[in-house]
Amino acid sequence: MRVVELIAAKRDGQSISSQDLHELIYGFTRQSIPDYQMSAFLMAGYLRGFSFAETVALNDAMLNSGERLDLSQLSGPTVDKHSTGGVGDSTTLVVAPLAAALGMQMIKLSGRGLGFTGGTLDKLESIPGMRTQLGDDELISQVSQIGLAVCAQTDKLDPADRAMYALRDVTATVGSPALIASSIMSKKLAGGAETILLDVKVGSGAFMKDVARARELASTMVGLGIAHGVNTVALLTNMDTPLGLTAGNALEVAESLEVLAGGGPTDVVELTVTLAREMLIGCGMTAAKDPSDALTDGSAMDSWRRMIRAQGGDPDAPLPAASSTHVVTAPASGRLTRLDAMAVGVAAWRLGAGRARKEDAVSFGAGVVMHAKPGDLVVGGQPLLTLYADDEARFGGAVEAVSGGFDIGSPDAAWSGSALVLEKVGG
Ligand code: URA
């Protein structure tokens, strides 16, 4: 295989054989193919697209670049979930203990936030003492004892994706459905669970801005899972407005604790219960307790506390709080008709909740608390958002980010809202 010919073939819209794609990814992972050639290939693929057969080859080559977790020692049904990323998306913090409380075994390998989207590891690490780096043996042992672990992916799983993602991030080639699908599914399949539930976010605060592209991504990921004999289902869920009332690490943990205690924002409850029900269906456990009962009877909270303790954290320790606040008020009375997820995500990021480069530190207490959501009536001058930061100099950029990010309309205009769960793909 001559890499330059492969790049030219993709550039000209020809299809690439499975063997060539395997060799390309093998060579790149072992550093015999340089970054500049891989970048050119990724851009050609981004522009020309990949067929499903090519996507399968990309996925399998990435999957084969590293080890896979061996979950054969676990006795119950194993399940994993993945969100394609959004703003205020704390679902894993609720769904993982919920799944364990319902009798499933949840192995959730998570990532850190980058840019305006949050990452589960950053949220968990805001809990004093909490460790997210677990070795394979510790991970399996923890799941067999308490039914769940949420932790970082080990270096041994899918090294090809790590190297390719780093390159895609700086070459404007992230947003290709085939590249996203193979990146996500190669990691999920390496995690070894029998059932995978995908939460594909759609809207302003998501990678996929419209339903058609989100559906394409979801179908491709479901197809990749099924091709590996793994029960895979995707839900398309709305990310035009943030999920819940918080965006930021410790702020989202605090909100998740409210949900695990049987309260919390209704959209977070609706989505986490829906995801848990889909997991039960996927695991053939439809006779199990209803997920909403596990939120109100304390069993999901018990699972959460067990996980935090098992990973070195203190579930009773106060969460970090930012030192300064700034309130954004409603400029007029009326109905809040739009609160843009991207605007809130960028504000939280600028406040210090997210990072611009992988090596940056995050501020655990930074972020945004929303006092109203689309559909709510607001009174001019009332707090709309409270911004939290450790450094007051950050407020200017955050205010700028949210200033065009909401609309207030007539209180009498008809309001129908929009559905949270839009579609199911697979299953
Ligand atoms: N998340 C991933 O893991 N990979 C992508 O390509 C995009 C989002």
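Values as computed for the structure displayed
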{"quantity": "Unmet criterion (only one of (1) part of a helix (DSSP H, G or I); (2) touching a helix residue (DSSP H, G or I) at 6+ places or on another chain (Cβ under 8 Å); (3) surrounded by 18 or more Cβ atoms within 10 Å (Cβ to Cβ)) for V328", "calculated": "(1)"}
{"quantity": "Matching entry among S418, S323 (being open to solvent by 50 Å² or more (accessible area, probe 1.4 Å) and over 29 Å from R131 (Cα atoms))", "calculated": "S418"}
{"quantity": "Residue check, G66 assigned to a loop (DSSP other than H, G, I, E, B), touching a residue at least 60 places away in the same chain (Cβ under 8 Å), open to solvent by 20 Å² or more (accessible area, probe 1.4 Å) and within 16 Å of the ligand (Cβ to nearest atom)", "calculated": "yes"}
{"quantity": "Selection from the stretch 73-97 of residues that are more than 16 Å from the ligand (Cβ to nearest atom), open to solvent by 10 Å² or more (accessible area, probe 1.4 Å) and among the polar types (S, T, N, Q)", "calculated": "Q73, S75"}
{"quantity": "The stretch 204-214: number of residues that are outside any helix (DSSP H, G or I) and within 15 Å of the ligand (Cβ to nearest atom)", "calculated": "5"}
{"quantity": "For L351: the one exception among (1) in a helix (DSSP H, G or I); (2) open to solvent by 30 Å² or more (accessible area, probe 1.4 Å)", "calculated": "(2)"}
{"quantity": "Positions within the stretch 163-177 being assigned to a helix (DSSP H, G or I) and near the ligand (Cβ under 10 Å from one of its atoms), in sequence order", "calculated": "M164, Y165, R168, D169, P177"}
{"quantity": "Test: residue in the stretch 254-266 that is modelled with pLDDT of 95 or more, away from the ligand (no atom under 16 Å from the Cβ) and of a type in the set (S, T, Y)", "calculated": "yes"}
{"quantity": "Unmet criterion (only one of (1) open to solvent by 10 Å² or more (accessible area, probe 1.4 Å); (2) within 16 Å of the ligand (Cβ to nearest atom); (3) modelled with pLDDT under 95; (4) on the phi < 0 side of the Ramachandran plot) for G113", "calculated": "(1)"}
{"quantity": "Residue in the stretch 147-154 that is free of Cβ contacts under 8 Å to residues at least 60 places away in the same chain and under 30 Å from G203 (Cβ atoms) present", "calculated": "yes"}
{"quantity": "Matching option when the condition is touching a strand residue (DSSP E or B) at 6+ places or on another chain (Cβ under 7 Å) and modelled with pLDDT of 95 or more, among T78, T29", "calculated": "T78"}
{"quantity": "Evaluation of L198 against (1) within 15 Å of the ligand (Cβ to nearest atom); (2) in contact with a Phe, Trp or Tyr (Cβ under 9 Å, 6 or more places away or on another chain) (one fails), failing number", "calculated": "(2)"}
{"quantity": "Hey, T329 at pLDDT 95 or above, among the β-branched types (V, I, T) and under 24 Å from S403 (Cβ atoms) or not", "calculated": "yes"}
{"quantity": "Residue within the stretch 190-203 that is crowded, with 23+ Cβ neighbours inside 10 Å, assigned to a helix (DSSP H, G or I) and in contact (Cβ under 8 Å) with a residue 12 or more places away in the chain present", "calculated": "no"}
{"quantity": "Answer residue from the stretch 141-162, given it is in a helix (DSSP H, G or I) and open to solvent by 40 Å² or more (accessible area, probe 1.4 Å) and is nearest to the ligand (Cβ to nearest atom) among those", "calculated": "R162"}
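The values are calculated or read from the model by the stated rules, or taken from the named source; none is laboratory data. As the structure is a prediction and not an experimental result, all values here were calculated from the model. Using ideal geometry, Cβ is built from the backbone for each residue, glycine included, and neighbour counts are taken over all protein chains shown. Quick note on the areas: whole protein, heavy atoms, side chains included, nothing else; ligands and nucleic acids left out. Shrake-Rupley method; radii C 1.70, N 1.55, O 1.52, S 1.80 Å.
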